[in-house]
Amino acid sequence: MKCVIERSRLSGEICCPASKSYTHRAIFLASLADGPSTIANVLASADTDATVAACRSLGAEIEQDGDVLRVTPRGLRPADIDAANSGTTIRIASAVSALAEGTSTLTGDESLRRRPMQPLLDALGTMGARCSSREGRPPVTVTGRIAGGHIDIPGNISSQFISALMISAPMTRSGVTISIQGDLVSKPYLEATISAMRRFGVVVHTVIPFRRYAVAPQAYRPASFTVPSDSSSLALLLAAAVLAGEKMKIRVAFGDLPQGDESFIDILEVLGVRVDVGEDVISVDAPGVLAGGRFDLGNTPDLLPPLAILSARCSAPLEIVNVGHARFKETDRIAVLASQLAKAGIGAVQGQDSLTLTPGALGGAHLDPHSDHRLFMAFCILAMAIDDCTVEDPESVRISYPSFIEDMRGLGAKLSLT
Ligand SMILES: O=C(O)C1=C[C@@H](OP(=O)(O)O)[C@@H](O)[C@H](O)C1
Ligand SMILES: C=C(OP(=O)(O)O)C(=O)O
């Protein structure tokens, strides 16, 4: 199936989806607590479904009532887990399964089976687990249980390895100290993990920020947790408002949990967009032509798709740097963006960890996101500003934003599926 998109003007109000990252964290942490927890405003998506299934397999009882989950831990056990397309799920589930006596197997779909796991498995091995993989990638096996101790782990591939180790750390007999080698990518996600752990009663000692942490043995306490809006999905909606919006308002509920992708607002302002941030609603006033510039996405790799498509409206090149870890997502996002945006008339030059986009004569194109949900949504939004485009893989929105197509149509987007 593919999506046919015509030039569109979007107006009206839209509600930003709930955070996928915080939904994952809350379900795993609640599954480790010493009593029942309630999680409200959960994101319902294929990725978060994978986490619910994983935690049920690992021993938690999870009941759903609309967008509220009630999670009751029933004792950790080894499990056979299929994390489908979700990197966050397989990384955190691998570390949690290492807390159980016995062997768990963890796999995923074709995309997930290409994604790196070895640094996490090596760290679990240092703490007493026996792990195996297929050339450092899923399917993996993890035989617990880990006792804790000191681990060294590289920070240049994924912050999810460190988040996973941190989440399992307080449940070990001796606790864990983590030493991160080199510069950590995607730092805000580690802050999200530490904040979520605090909500479930566990304190992480930051020895040196983003370099060294200590987690003493502790018990997770039951919590009543409300998931905030998703700042990565917000970035896509803001890009839509800039490229195709007329009078578009985005309703949000962020609360006080940290999310790095909120920095997309700062990026838009550097590009010349005025962003009005109210208590619970955001709108933009965008000029017809944006400035260009150089943007470091080392902390916020999921901003690559929404930022890249703004190049269509820039008067000067858009240079995106320090984003090599975007090559390890559902797809190699640097390579796919370079090849597909070029079809639409945007000059694209990729470096190992960078992408430079130069606006050109835009034209309709057939765009292939290679089943990457963030790329599909970004290409659809770009297409609303170009006209006469088709985009493959509309079903990929199920991963993080299942109602995306309906929501866009509700704002006036001319999208049809064939
Ligand atoms: O911890 C998380 O929730 C995530 C961390 C990031 O991955 P990396 O840390 O691998 O960059 C991000 O790309 C992903 O969408 C979600
Ligand atoms: C890469 C992403 O998530 P994950 O790593 O959980 O697959 C994403 O949502 O863009």
Among the lysines, select those whose C-alpha is under 19 Å from the C-alpha of Lys343, and discard any that sit fewer than 8 residues away in the same chain. Lys2
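Measure off, as a whole percent, the carbon and sulfur share of the 1.4 Å-probe accessible area of the chain, all protein chains present.
Reported share for carbon and sulfur atoms: 49 percent.
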Mind jotting down the distance between the C-alpha centroids of the stretch 251-308 and the stretch 183-218, whole Å? 25
Residues meeting the amide H criterion for Leu10 (H placed from the backbone, H to H distance under 5 Å, 5 or more places apart or on another chain) are Gly245, Glu246
Residues listed by number, the stretch 145-181, amide nitrogen under 11 Å from Arg130 label point at 7 Å toward C-beta: 145
Taking every alpha carbon pair in the stretch 137-192 and sorting the distances into 10 angstrom bins from 0 up to the bin holding the longest one, the percent per bin comes out as 22, 50, 28, 0
Three-way shape label, the stretch 273-335, alpha-carbon gyration tensor, a/c 1.5: oblate
Theoretical FRET efficiency, 1/(1+(r/R0)^6), r = Cβ-Cβ of Asp122 and Ser224, R0 45 Å, to 0.05: 0.80
Gain on full stretching of the segment that runs from Val289 to Asn322 - 0.36 nm per residue minus C-alpha separation: 9.3 nm
GNM, the chain, Cα, under 10 Å: largest mean-square fluctuation among Ala312, Ala342, Ala83? Ala342
Which three numbers, in whole Å and largest first, are the semi-axes of the equivalent ellipsoid of the stretch 331-400 derived from its Cα gyration tensor as √(5λ)? 19, 16, 8
Along the Cα→Cβ direction, 7 angstrom out, place labels at Arg70 and Asp276. What is the inter-label distance in nm? 4.3
Of Gly102, Gly260, Gly324, the one that fluctuates the most in a GNM where the chain has Cα springs shorter than 10 Å: Gly102
From the backbone phi of the stretch 306-311, what are the Karplus-calculated ³J(HN,Hα) couplings (6.51 cos²θ - 1.76 cosθ + 1.60, θ = phi - 60°) in whole Hz, Gly and Pro given as x? x, 6, 4, 6, 5, 4
Tabulate in residue order the Karplus-calculated ³J(HN,Hα) for the stretch 199-204, using 6.51 cos²θ - 1.76 cosθ + 1.60 with θ = phi - 60°, rounded to whole Hz; enter x for Gly and Pro. 5, 9, x, 10, 9, 9
Just to confirm a number: summing +1 for Lys and Arg and -1 for Asp and Glu over residues other than Gly12 whose beta-carbon lies under 15 angstrom from that of Gly12, what do you get? +2
In percent, what relative contact order does the stretch 267-418 have, based on Cα pairs under 8 Å that are 6 or more apart in sequence? 16
Between Glu63 and Ser315, what's the calculated FRET efficiency when r is the beta-carbon distance and R0 is 45 Å? Round to 0.05. 0.25
Any idea what diffusion coefficient the chain gets from Stokes-Einstein, in µm²/s, Kirkwood Rh on alpha carbon pairs, 10 °C, 1.306 mPa s? 74
In nm, to one decimal, how far is the modelled label at His205 from the one at Arg113, with both set 7 Å along Cα→Cβ? 4.4
With a cap of 16 neighbouring Cβ atoms within 10 Å, and only residues DSSP puts in a loop, list the trypsin sites (Lys or Arg not before Pro) found in the stretch 8-91. Arg9, Arg74
All other residues with a Cβ under 13 Å from the Cβ of Leu362 taken together, and with Lys, Arg as +1 and Asp, Glu as -1, what is their net charge? +1
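Leaving out ligands and nucleic acids, note down the accessible area per residue over the chain with a 1.4 angstrom probe, in whole Å².
Numbers: 14870 Å² over 418 residues.
With the other protein chains kept in place, the chain gives 36 Å² per residue.
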Virtual paramagnetic centre 7 Å along Cα→Cβ of Asp387, amide N under 18 Å, in the stretch 399-415: 413-415
Label-point separation in nm, Thr105 to Ala253, each point 7 Å along Cα→Cβ: 4.1
Acute angle (nearest 10 degrees) that the helix 333-343 long axis makes with the longest principal axis of the chain, alpha-carbon atoms: 20
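The values are calculated or read from the model by the stated rules, or taken from the named source; none is laboratory data. All of these numbers come straight from a predicted model, not from anything done at the bench. Methodologically, a virtual Cβ is constructed for each residue, glycine included, from the backbone with ideal geometry; neighbour enumeration extends over all protein chains shown. Surface accessibility is based on the protein's heavy atoms, side chains included, excluding ligands, DNA and RNA. Shrake-Rupley method; radii C 1.70, N 1.55, O 1.52, S 1.80 Å.
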